[in-house]
Amino acid sequence: MDRADLADFLRRRREELQPSDVGLASGARRRAPGLRREEVAQLANMSADYYTRLEQQRGPQPSEQMLGSLARALRLSGDERDYLFRAAGHNPPDRFAGAAHVAPALLRVLDRLDDTPALILSNLGETLVQNGMSAALLGDRSGFTGIERFEAYRWFVHPETERIRYPEDDRDRQSRAQVASLRVAYGAMGSASQAGELVRALQRESAEFAELWDRHEVANRFEDHKTLVHPELGPIELDCQVLFTEDQSQCLLVLTAPPRTDGAEKLALLGVLGMQAFS
């Protein structure tokens, strides 16, 4: 770990960002350039004291998980993310090992979406980042760890909790879509990858998945229109727009409803009441 280099790199990247770059209000006039230390800490879900010690060359070695959070908070490119890891004494993660560094371009779009559900997904169906409206609609997905992070695993192994967000008559189609999408990632990443590990785990634990996997259906699972069921607001009809990164490893999923429709009214109500009312 090169404490001096790490501290200087963090400080310079922080000073290059403006609040509007990361979806924060500018507030009162600022004496120093860029983001404040406490703002970076907030974005990275760490204490301001911990982040301050890193910039002052006196903090402990950050974990890989902490570095990933810092890379997202500072909107680092892939090369910058790798540099951050090396300065902190870690090997950079494999860029194609499923969920990793969130694409800065997708984050910049997500930062500007606060009035409609939006989330960034990996090609393996892991929620990397979601806004407040998405958490209110779909549930907060930030707490999952290990293999539970992947939606396909939860869909087939814990159907009693994962499928309640979809109408009963749409669940079979969703099952096929989950498997077909995983086929796309498996074909791109290979059997020795994280995709292969996920497939083998699902084959062991879900007979339904094993049967669908043998069909060899291949397709990205996103539909132009879908109905989601909220526990308090009931069915909500939404349009689905997806923006992929160039290498197809991540995507931004945005859910909207046409103006003056029942879906738009329910989204507006969801935005007013927020996630806290339905936790």
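For the range 175-252, the normalised intensity computed at q = 0.11 Å⁻¹ comes to -0.37 (log10 of I(q)/I(0), Debye sum over alpha carbons, equal scatterers, no solvent). Counting Lys and Arg as +1 and Asp and Glu as -1, each charge on the Cβ, what is the dipole of the range 104-278 about the Cα centre in debye, to the nearest 20? Using only the charged Cβ atoms, the result is roughly 280 debye. One chain, two ends: His216 and Ala4. Fully extended at 0.36 nm per residue, the span grows by 71.1 nm beyond their Cα-Cα distance. In plain terms, the chain from Ser47 to Glu265 could stretch by 74.7 nm, reckoned as 0.36 nm per residue minus the Cα-Cα distance.
Farthest towards the positive end of the charge dipole of the chain, among the residues Leu113, Ser134, Thr227, is the Cα of Leu113, using unit charges on the Cβ of Lys, Arg, Asp and Glu. On the beta carbon distance between Arg58 and Ser142, with R0 = 41 Å, the FRET formula returns roughly 0.90. Each Cα pair under 8 Å and six or more residues apart adds its separation to the average, and for the chain the resulting relative contact order is 16 percent.
Panel note: the C-alpha atoms of the range 69-199, placed on their principal axes, show extents of 51, 40, 21 Å (largest first). Using the Kirkwood radius built from alpha carbon pairs, what does the Stokes-Einstein equation give as D for the chain at 25 °C and 0.890 mPa s, in µm² per second? Roughly 121 µm²/s, to the nearest whole number.
Applying 1/(1 + (r/R0)^6) with R0 = 30 Å to the Cβ-Cβ distance of Arg173 and Asp247 gives a FRET efficiency near 0.65. Dipole size of the range 73-194 about its Cα centre, with +1 on Lys/Arg Cβ and -1 on Asp/Glu Cβ: approximately 280 debye, rounded to the nearest 20.
Find the all-direction average of the projected area of the Cα convex hull for the range 3-87, expressing the result in square nanometres with one decimal place. That works out to 5.2 nm², a quarter of the Cα hull's surface.
Since only Gln241, Ser206, Ala71 are under comparison, the one whose Cα sits farthest along the positive direction of the charge dipole of the chain, derived from C-beta charges on Lys, Arg, Asp and Glu, is Ala71.
Values quoted throughout were computed directly from the atomic coordinates according to the rules given, and no laboratory measurement underlies them. All values reported here derive from a predicted model rather than from experimental measurement. Positions of Cβ are generated from backbone atoms using ideal geometry, with glycine treated the same way; all protein chains shown enter the neighbour counts.
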